[in-house]
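Worksheet for the structure shown next.
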Amino acid sequence: MLEVIDIHKSFGDFKAVTGANLKVGAGEIVAVIGPNGAGKTTLFNLITGQLKPDRGNVRFKGEDITRLPPYRICRKGIARSFQITNIFPRLTVFRNVQVAVLSQQRKSTVLFRPAQLFAVEETRAILKTVGLLGRAGDVAGSLSHGDRKTLELAVTLGNRPELIVLDEPTAGMSPEETGATIALIRQLAADRGLTILFCEHDMKMVFTVARSIMVMHQGQTLIQDAPAAVRENLKVQQAYLGSSRHA
Amino acid sequence: MLKNLIQPRALAAAAVVGLALLALPLAVPRFYVYMFSLIFVNALLAMSLNFVVGHGGLYQFHHGVFYGIGAYTVTLMLTKTALPAWVGFAAAPLAAALAGLLIGVFCVRLSKLYFGMLQISLGSLIWAVAFRWYSLTGGDDGIHDIPIPQFLSAPRPVYYFILVMLGLSLAVLYLILKSPFGSTLRAIRDNPERCEALGIHVRRHQLIAIGIATFFAGVAGVMFVVVESSVFPGLLFWVLSLEIFIMCLLGGWFTFAGPMLGAAIIVSLKTFVGVYTEYWTTIMGIILILLIFFLPEGVMGFLLEKFSDRSDRG
């Protein structure tokens, strides 16, 4: 479904991504791991268009989406969440998700009719799925960190994506919240047939959730394989690379 | 539906204020009728600016230009053509919106402060044209004794005409802010990058917002001509744009009606203080300083929350 082919990105002299490759099949849950600074977030930004690559291609469902602006990529069916929580703090929880649904339904330029006539059912359904329906009327900025991360995920779902790209969906969450998020991600993949690409530092989560794991180091793809194979390989890598805190 | 759109309390408050304003000309001297007309003109001007600044998060630094374009358009149509007056009244907001979109197309490509700086530059060009082109605009003399329609020749009819125009414009602006577009616009203000990742064409939305705001600045320009029967290049000068900005700051960006309150305060002060001193701008400077010191949450809270650097996200 998604294919990243030998992609490169530098910021001035700093080479952030130097030859990353990734394959995500339809319906799969794929994780990207690697130490801090390995280029995971940059890779995600290259996939969803926040950054333009220097070299290499991104293909989605057979179509070249390299260098499209983010809003066009989103409309192709890829939605993403951000590592640093990226919601609309002044809007209510309901509005946060509704804005995404309105965009997906191409209703965001309707001028003369009240917003509460649009996308209400869809928005409520999403909030119910993630368990935030009870907070629908609250201002998003007042939510706890964990709830904000969950809201971020809900906003991402508002786009009705086929592929969601999650940048550290459980970072900073308590163990209970992490467990709930893992269950939610699995449920989404199962119920909605969503394809999920995520990166995460929590290795326990990665190895329980992902079907396929891609390992990045210093901007390069070292390996992409099934968890068991990666685990075997990691031991070799660890010996070879010295110590890698997260591997 | 109306109940969902507006809180009963706000509706009641609006009704009381509206009725009071309807009755006002019967109770006060002519001078106040004139002054209130002027307040309404500035109120709409400030509301139109706040649509893009407070709700859209755009640095619309030279909004006065579009007000001036509206005023000059209706003036030129009334003085230089034989077309019926209503054509001029309708053409002015459209001309202002067209200018807004033309300048906007270039400005929305830039971010934040650069948006504002380019707008000041392009706007100042238009001011320079109005200032220099004597044969068309009368240069710095402006144009006076504009033949506005007969039925608008006395302060009272003018007052009611302006009040109705203001009321209609406010209703439309309110409706737009409550629409899906309004929600999306505020989302863009809060977080344009996130909106882009949600499939929203941010620049297009910003451009639509600029078109709407400049349209209503043009309406305010028409209202000004109806009240004053004259135009002058000062309407397009950046000092006026700053004044409108301060009206919004003073009244409160995040409220719907705040800018109108700001306009009322500034216009009244200007009128009464102007009697005693020519150094009106000094007073405005002091007001601005007081505002920053004593309403730090209104101004600074906004600046910190809205205009803080967002480039540090992963």
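Here is a yes/no grid of residues against (1) crowded, with 24+ Cβ neighbours inside 10 Å; (2) within 17 Å of residue B:48 (Cα to Cα); (3) in contact with a Phe, Trp or Tyr (Cβ under 6 Å, 6 or more places away or on another chain):
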position: B:182; (1), (2), (3): no, yes, no
position: B:185; (1), (2), (3): yes, yes, no
position: B:193; (1), (2), (3): no, no, no
position: B:204; (1), (2), (3): no, no, no
position: B:214; (1), (2), (3): yes, yes, yes
Task: Total residues in region A:139-182, condition assigned to a loop (DSSP other than H, G, I, E, B) and within 14 Å of chain B (Cβ to nearest Cβ) - done: 9
TODO: Out of A:93, A:58, A:32, report the one residue that is more than 12 Å from chain B (Cβ to nearest Cβ), buried (at least 18 other Cβ atoms within 10 Å of the Cβ) and touching an Asp or Glu at 6+ places or on another chain (Cβ under 7 Å).
DONE: A:93
- [ ] Specify which of the listed residues (B:173, B:185) is in a helix (DSSP H, G or I), touching a His at 6+ places or on another chain (Cβ under 6 Å) and either more than 7 Å from chain A (Cβ to nearest Cβ) or more than 30 Å from residue A:80 (Cβ to Cβ) (or both).
- [x] B:185
- [ ] Would you tally the residues in region B:1-58 being among the polar types (S, T, N, Q) and either touching a strand residue (DSSP E or B) at 6+ places or on another chain (Cβ under 9 Å) or not in a helix (DSSP H, G or I) (or both)?
- [x] 1
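In region A:190-229, how many residues are part of a helix (DSSP H, G or I), without any contact (Cβ under 8 Å) to a residue 40 or more places away in the chain and within 16 Å of residue A:170 (Cβ to Cβ)? If you could, list the steps in order and put the result at the bottom.
Pass one, region A:190-229, residues part of a helix (DSSP H, G or I): A:190-192, A:203-209, A:227-229.
From what's left, without any contact (Cβ under 8 Å) to a residue 40 or more places away in the chain: A:190-192, A:204-205, A:207-208, A:227-229.
If we keep only those that are within 16 Å of residue A:170 (Cβ to Cβ) too, we end up with A:204-205, A:207-208.
Number satisfying all stated conditions: 4.
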TODO: Of all residues in region B:188-229, count the ones that are of a type outside the set (Val, Ile, Thr), without any contact (Cβ under 8 Å) to a residue 24 or more places away in the chain and not in a helix (DSSP H, G or I).
DONE: 3
TODO: Mind listing whichever residues of region A:26-46 are within 24 Å of residue A:237 (Cβ to Cβ), out of contact with any helix residue (DSSP H, G or I) (no Cβ under 8 Å at 6 or more places or on another chain) and not basic (Lys, Arg)?
DONE: A:28, A:30, A:35, A:36, A:37, A:38, A:39, A:41, A:42, A:43, A:44, A:46
- [ ] Please determine, by comparing only the residues of region A:96-118 that are among the hydrophobic types (A, V, I, L, M, F, W, C) and within 7 Å of chain B (Cβ to nearest Cβ), which one is surrounded by the fewest Cβ atoms within 10 Å (Cβ to Cβ).
- [x] A:112
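Could you tell me which residue of region A:61-111 is nearest to residue A:138 (Cα to Cα), considering only residues that are of a type in the set (Ser, Thr, Tyr) and touching a helix residue (DSSP H, G or I) at 6+ places or on another chain (Cβ under 8 Å)? Spell out how you get there, then give the answer.
Our first condition is that a residue be of a type in the set (Ser, Thr, Tyr); within region A:61-111, this holds for A:66, A:71, A:81, A:85, A:92, A:103, A:108-109.
From the residues that got through so far, the ones that are touching a helix residue (DSSP H, G or I) at 6+ places or on another chain (Cβ under 8 Å) too are A:71, A:81, A:85, A:92, A:103, A:108-109.
Values: A:71: 27, A:81: 21, A:85: 17, A:92: 5, A:103: 21, A:108: 22, A:109: 25 Å.
Of everything passing the filter in region A:61-111, A:92 is nearest to residue A:138 (Cα to Cα).
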TODO: Among the numbered conditions (1) assigned to a helix (DSSP H, G or I); (2) in contact (Cβ under 8 Å) with a residue 60 or more places away in the chain; (3) over 22 Å from residue B:187 (Cα atoms); (4) not acidic (Asp, Glu), tell me where residue B:62 comes up short.
DONE: (1)
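FYI, it's all coordinate maths here, none of it is from the lab. Quick caveat: nothing in here was measured; it's all calculated off a predicted structure. Backbone-built Cβ (ideal geometry, glycine too); neighbour counts: all protein chains shown.
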